[in-house]
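Asker: Sharing a structure here in structure tokens format.
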Amino acid sequence: MWKPEYTEAVINRFDHGIDTSPQYMMSPTRAIIEGADEIRQKLGVGERHEYEIYDVLASEGFTEYVSWPLKHTLGRRHMISFATKEAGGFANEDYCFLRSLVPSMAVLSELRTKNVLARTLLQTYVGPRAAEEILSGSITRGSGDTISAAIMICDMRDLTTISNNWPRDDVIDLLNAYFDVVCIPVEKNGGEILKFMGDGLLAVFPLNVPDACRRLIQAVQESSGGMQRLNEENLAAGRPSLRYGVGIHVGDVMYGNIGTQNRLDFTVIGPAVNLAGRLETMTKTESRAVLMSVDFVEAYGRDTENRFELLGDRDVKGVGHSVRIFALNEQSSETALPNPQV
């Protein structure tokens, strides 16, 4: 949307399902999308109009409305509309000028729309950092990047048992609710989810963001509170209670394109990732929900005695030396941090 007093256009976004809402069903937009070649309507306060949008525009002082289809490739139709406050509506030369712009606007809008769509889809499926890498041209096998970060691997417990005993749709609902509880605090506190792995996920908090380690712990504790509330709802609905384990480490994360010549996956590898994964696995034998390495505790830097509980040195599979591990003191709490500027 643009008005003369705007310095730039305003982009409004709508949720899925808008095309079944009364707002859309009773609108000139629907008429254009479904085949109308033009809609032109004089507007007047107090007059009886076909669509509610006409009443809204009239109340704001607009005198005429016109819209045309923007015809994109593959037969897709979109819509552009204009309204004027000039007395008597659009002058004929203005109407003709605007109509002459429609073909050019169709081409321009398709390019811009597909650019936004590609960026949105990539961010949805691979995360914002990986999306920018791909869009910048990192699409060759072996290309990638390395970042220093606090690393969090989270995995849900008992999914196999739940999948065997519950209908598919219930399992999907449980998984989506679980990921909401875990992922929203991660992103809120400045983390980035790099990878979903079945019922698990890998997230990083880049160390170039202030208080990255504290932000990770804040996210874990918010997730724990959210899981308690979710399980209360699950039990009330007769659904199973959910559990998960979290492994935390700090180090370098290497991520990039790995695969065949024709099919690539933007994945994450490295010793630091492996150790975080081993710590997550150890939450089962240690009977603690959250385990972390001594490297992470040292990087955290302060108030560690109250925040973390030393469990001792443990032999870790795949690591050539013992690792000192800590558990999160679940009675402690973080002071909420402001949203990071990332």
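The values are calculated or read from the model by the stated rules, or taken from the named source; none is laboratory data. Quantities reported herein were computed from a predicted structural model and do not represent experimental measurements. All Cβ positions, even for glycine, are placed from backbone atoms using ideal geometry, and neighbour counts span all protein chains on display. Ligands, DNA and RNA are stripped out before the accessible areas are found, and what is left, the full protein with its side chains, is counted by its heavy atoms. Shrake-Rupley method; radii C 1.70, N 1.55, O 1.52, S 1.80 Å.
Asker: From the list A87, A9, A36, which one is touching a Ser or Thr at 6+ places or on another chain (Cβ under 8 Å), in a loop (DSSP other than H, G, I, E, B) and aliphatic (A, V, I, L, M)?
Answerer: A87
Asker: Follow-up. Give me the pairs, please: first residue somewhere in region 1-23 and closer than 23 Å to T120 by Cβ and free of Cβ contacts under 8 Å to residues at least 40 places away in the same chain, second residue anywhere and of a type in the set (G, A, S) and open to solvent by less than 90 Å² (accessible area, probe 1.4 Å), beta-carbon distance under 9 Å, and either six or more positions apart or on two chains.
Answerer: Filtered contacts from region 1-23: M1/A9; W2/A9; F14/S21.
Asker: While we're on this one: Kindly list the number of the only condition in (1) of a type in the set (V, I, T); (2) closer than 30 Å to T120 by Cα; (3) open to solvent by less than 30 Å² (accessible area, probe 1.4 Å) that fails for T29.
Answerer: Status for T29: all satisfied but (3).
Asker: Regarding region 47-69, can at least one residue be identified that is open to solvent by 30 Å² or more (accessible area, probe 1.4 Å), more than 21 Å from Y95 (Cβ to Cβ) and touching an Asp or Glu at 6+ places or on another chain (Cβ under 8 Å)?
Answerer: No, there is no match, as no residue in region 47-69 is open to solvent by 30 Å² or more (accessible area, probe 1.4 Å), more than 21 Å from Y95 (Cβ to Cβ) and touching an Asp or Glu at 6+ places or on another chain (Cβ under 8 Å).
Asker: Would you check which residues across region 301-332 are open to solvent by 100 Å² or more (accessible area, probe 1.4 Å), of a type in the set (D, E, K, R) and either modelled with pLDDT under 75 or more than 19 Å from A150 (Cβ to Cβ) (or both) and list them?
Answerer: E305, D315, K317, E330
Asker: Okay, moving on. Taking the options R76, R99, name whichever one is open to solvent by 80 Å² or more (accessible area, probe 1.4 Å) and touching a residue at least 24 places away in the same chain (Cβ under 8 Å).
Answerer: Values: R76 fails: touching a residue at least 24 places away in the same chain (Cβ under 8 Å).
Only one candidate qualifies: R99.
Asker: How about region 156-213: which of its residues are open to solvent by 30 Å² or more (accessible area, probe 1.4 Å) and among the β-branched types (V, I, T)?
Answerer: Once the filter is applied, which keeps residues that are open to solvent by 30 Å² or more (accessible area, probe 1.4 Å) and among the β-branched types (V, I, T), region 156-213 yields T160, T161, I172, I184.
Asker: Please work out which one of (1) within 19 Å of R263 (Cβ to Cβ); (2) open to solvent by 70 Å² or more (accessible area, probe 1.4 Å) is the condition L122 fails and give its number.
Answerer: (2)
Asker: Looking only at region 218-266, filter to residues that are β-branched (V, I, T) and surrounded by fewer than 19 Cβ atoms within 10 Å (Cβ to Cβ); which one of those is nearest to T124 (Cα to Cα)?
Answerer: The selected residue is I258.
Asker: Cβ-Cβ below 6 Å, separation at least six or inter-chain, first residue in region 146-164 and of a type in the set (S, T, Y), second open to solvent by 30 Å² or more (accessible area, probe 1.4 Å): which pairs?
Answerer: That search, which allows pairs on different chains as well, returns T146/D252; T146/M254; S148/L207; S148/D252.
Asker: Among what's in region 268-300 and is open to solvent by 40 Å² or more (accessible area, probe 1.4 Å) and more than 25 Å from M197 (Cα to Cα), pick the residue that is nearest to the chain's Cα centre (by Cα).
Answerer: A299
Asker: Look at S143 and say whether it is surrounded by 14 or more Cβ atoms within 10 Å (Cβ to Cβ), touching a Gly at 6+ places or on another chain (Cβ under 8 Å) and more than 26 Å from I248 (Cβ to Cβ).
Answerer: Yes; evaluated as a whole, the condition is true for this residue.
Asker: Sticking with this structure for a sec: For region 104-111, state whether one or more residues are modelled with pLDDT under 90 and open to solvent by less than 80 Å² (accessible area, probe 1.4 Å). It would help to see each step written out before you state the result.
Answerer: At the first step, the residues of region 104-111 found to be modelled with pLDDT under 90 are none.
No - not one qualifying residue is present in region 104-111.
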